[in-house]
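Structure, as structure tokens:
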Amino acid sequence: MITQGLSRRRVILATAGTMLALLLAALDQTIVGTAIPRIVADLNGLDRLAWVTTAYLVTSTTMTPIAGKLGDLFGRKPFLLAGMIGFVVASALCGLSQNMTELIVARGVQGIFGGVLFATVFTVIGDLFPPEQRGRTAGLFGAVFGLSSIVGPTTGGFITDHWSWRWVFEVNIPVGLIAVFVVLAGLPYVRSKASWRDIDFWGAFTLAAGVVPLLIALSITRDHSWGSPPVLGLLALAAAMLAAFVFVESRVEHPIVPLHLFKNSTFSVSMIVGFLTAFGMFGSILFTPLVFQGVLG
């Protein structure tokens, strides 16, 4: 914990800035869904519609555990600031995209920094608050995520109807810049004695090499059957790389994902429940607007 010696004002500033960073990343996952039909109509990209979301998910899913471990080793503040600044820049690129290829690439970049934000914001709670206060603070952060799930789709639809779908991305710019200045003013930087030799490079590589083909395989089943060579090949590659990831993590000194955590039943059940909740929530956020706008008119 790093709040010893910090004024109450700095703790409040650090917490507020971190919550803004979470709002930035969480809102982007929900605000885009209602704008997608307009996006694909303007950019003539119906055949690549799924990649607007998939590109973000592939990079953010891969980056989250890696960024979390790097934050543990080298301190949260640099990664939180880098995540916010990179996210703002990527949001601007999304808003400026002139075709689907540019938008998909920009969304992939945005996902990288979104993964950094998700990995960092919740761990800052442990740095700022003692154990007896962390549950209450985590609840506030969870409320921010819940708020984004409620407000995001409505806000995305309003912005798209009254201005342009580009502002769905560009609205992140002022929010992100405010968050950067608040975090700079409030969150202290704690130097770490870790070195680059402590980074689990092989774990990062095998994780990325496993997650990316898995998500791509699930995405291309829209155009290919489950038994087609592209899908089977990607699934086989994903299985091999994820098995290698487990092997590496069980042997390195500073693993990206400490496998011993899964021996704790509370942790394992929480992960399963979180996965199922996100599975249902984000599926409905993405496809419900398409059904109402594209099918029901």
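The values are calculated or read from the model by the stated rules, or taken from the named source; none is laboratory data. Just so you know, these numbers come straight off a predicted model, no measurement behind them. Here Cβ is always computed from backbone atoms with ideal geometry, including for glycine, and neighbour counts include all displayed protein chains.
Quick look at the numbers
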| read-out | value |
| --- | --- |
| In region 223-245, the residues that are under 17 Å from residue 204 (Cβ atoms) and either modelled with pLDDT under 85 or exposed (fewer than 14 other Cβ atoms within 10 Å of the Cβ) (or both) | 243 |
| Residues located in region 50-109, provided they are in contact (Cβ under 8 Å) with a residue 12 or more places away in the chain and acidic (Asp, Glu) | 72 |
| Close pairs from region 153-170: first free of Cβ contacts under 8 Å to residues at least 24 places away in the same chain and surrounded by fewer than 21 Cβ atoms within 10 Å (Cβ to Cβ), partner basic (Lys, Arg) and assigned to a helix (DSSP H, G or I), Cβ under 9 Å, at least 6 apart | 161/38; 164/38 |
| Top-ranked residue in region 126-141 [being in a helix (DSSP H, G or I) and touching a residue at least 24 places away in the same chain (Cβ under 8 Å); ranked as surrounded by the most Cβ atoms within 10 Å (Cβ to Cβ)] | 128 |
| Residue check for residue 184: touching a residue at least 40 places away in the same chain (Cβ under 8 Å), under 26 Å from residue 30 (Cβ atoms) and out of contact with any strand residue (DSSP E or B) (no Cβ under 7 Å at 6 or more places or on another chain) | no |
| Matching residues in region 197-242 - criterion: being out of contact with any helix residue (DSSP H, G or I) (no Cβ under 8 Å at 6 or more places or on another chain) and under 30 Å from residue 74 (Cβ atoms) | 197, 201, 205 |
| Boolean, residue 182 is under 19 Å from residue 53 (Cβ atoms), of a type outside the set (Asp, Glu) and modelled with pLDDT of 75 or more | no |
